[in-house]
Amino acid sequence: MIEDDLRAAFARHEPLTPSAGPLRVAIDRLAAVRRRRRQRFQAAGVTLALLGALGIGVPQLRPDRPVEGSLLPGRPVDAQSGALNVLLLGVDGFGEEPPYRLADSVLLVHIPADRSRPYLISLPRDLEVSIPGRGIEKLNSAFYSGAGEPRPDLDAGYDLTRRVVADVTGVRVDAGAVLTFAGLRRITEAVDGVEVCLPKEVRSWHTRRTFPAGCQVLDGAASVDLLRQRRYLPDGALDRDRNAQRYVAGLVRRAVAQDVLTNPVRLARLLSAAGTGLAVDDDGLPLTRLVAVLPELKSVDPVGLSLPVGPPVDDASRLPLDPRQGPEFLAALREDRLAQWVAQHPEQVDPVR
């Protein structure tokens, strides 16, 4: 009897039950939005990885981050409107043997407000800088000081290096990342190699491999080998920085040719390729602002530049800022006038192809 009463009650109230159709549609819509959001984040990470290919990584833009002052009182910070600066660090041998903890590749990617084209500015690893807690040292020592021991922290190493770079250049650093050479090797393999165009032959100190002059497609191991070389090069580490810029340009061209930037599956695959060899400057804010800037670029071909430096100081092999061209260059960077500076100093451009 109770069972019959329950059936009758359900039958009377069934017409009053709201349709599940709208609820199901809403759930499906929410799921689709979340899928698109995940795809955007994946695309953002990989697109930024292409900017940082120096052996160097996937930046996380921090648009709401307050502009930080200089480490030196009274030092001006840039007042750029719409320009962006991305700091990318390459660490050789991190997590491997021997456990190097120096950022031997330091690249500042400047995207001007007019979105004309990116500028890849190499900061010499031996640049003479002031490091909080250590005094006057080489720039690559900032990462070591911040990362600490016995288990180095990529994020902490990056953060101290960012502070030092912001102080030296006087510009706000909007984003950044660290990529180990192991991560770089995997990214290179994910795009089936990268074409690098060398003006002169390069011989490897580590493997005795010879990289001939001209354009050649390098696999992951060869790319890492090339980016580590400085001993046989006429300008040493400065020439290594120039080769890193050439690698950046080659990786960007490869990604464009393979339609990586518009294919979510390929983007996700490339993003995951770096694995644990990647550390992102990430305080939880979205990547969408920087990603939205990239399609605005009138040209994706970067201009390679190096911070002008003088001869080594004493026996420490530290490189001071060039007393004449250095301040001029930094003023052009802070004021977003690099195009004019390049036009006035064409000899300072590092050919990337």
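The values are calculated or read from the model by the stated rules, or taken from the named source; none is laboratory data. Note that the structure is a prediction, hence the values are computed from the model and not measured. Ideal geometry is used to build each Cβ from the backbone, glycine not excepted, and the neighbour counts take in all protein chains shown. With ligands, DNA and RNA removed, areas are computed over all heavy atoms of the protein, side chains included. Shrake-Rupley method; radii C 1.70, N 1.55, O 1.52, S 1.80 Å.
Hey, does region 185-204 have a residue that's assigned to a helix (DSSP H, G or I) and touching a His at 6+ places or on another chain (Cβ under 8 Å)? No, because not a single residue in region 185-204 is assigned to a helix (DSSP H, G or I) and touching a His at 6+ places or on another chain (Cβ under 8 Å).
Put simply, of Arg246, Arg254 the only residue that is in a helix (DSSP H, G or I) and under 17 Å from Ser105 (Cβ atoms) is Arg246. All of (1) out of contact with any helix residue (DSSP H, G or I) (no Cβ under 6 Å at 6 or more places or on another chain); (2) under 30 Å from Leu338 (Cα atoms); (3) open to solvent by 10 Å² or more (accessible area, probe 1.4 Å) hold for Arg125 with one exception: (1).
Just to check your reading of the model, which residue among Ser70, Ser130, Ser81, Ser105 is modelled with pLDDT under 90, not in a loop (DSSP other than H, G, I, E, B) and not aliphatic (A, V, I, L, M)? Exactly one residue qualifies, and that residue is Ser105. The residue list Val352, Val342 contains one member that is open to solvent by less than 80 Å² (accessible area, probe 1.4 Å), assigned to a helix (DSSP H, G or I) and among the β-branched types (Val, Ile, Thr), which is Val342. At pLDDT 90 or above, assigned to a loop (DSSP other than H, G, I, E, B) and open to solvent by 80 Å² or more (accessible area, probe 1.4 Å), is that true of Pro311? When the stated conditions are applied, Pro311 does not pass them. Taken over region 242-258, the residue count meeting the criterion of being open to solvent by 10 Å² or more (accessible area, probe 1.4 Å) and of a type outside the set (Lys, Arg) is 4. The set of residues from region 206-231 being over 22 Å from Leu127 (Cβ atoms), assigned to a loop (DSSP other than H, G, I, E, B) and open to solvent by 80 Å² or more (accessible area, probe 1.4 Å) comprises His206, Arg208, Arg209. A single entry from Asp155, Asp174, Asp192 fulfils the requirement of being touching a Pro at 6+ places or on another chain (Cβ under 9 Å) and either farther than 29 Å from Pro320 by Cβ or at pLDDT below 90 (or both): Asp174.
Scanning region 135-169 for residues that are assigned to a loop (DSSP other than H, G, I, E, B) and either surrounded by fewer than 24 Cβ atoms within 10 Å (Cβ to Cβ) or among the basic types (Lys, Arg) (or both) returns Gly148, Glu149, Pro150, Arg151, Pro152, Asp153.
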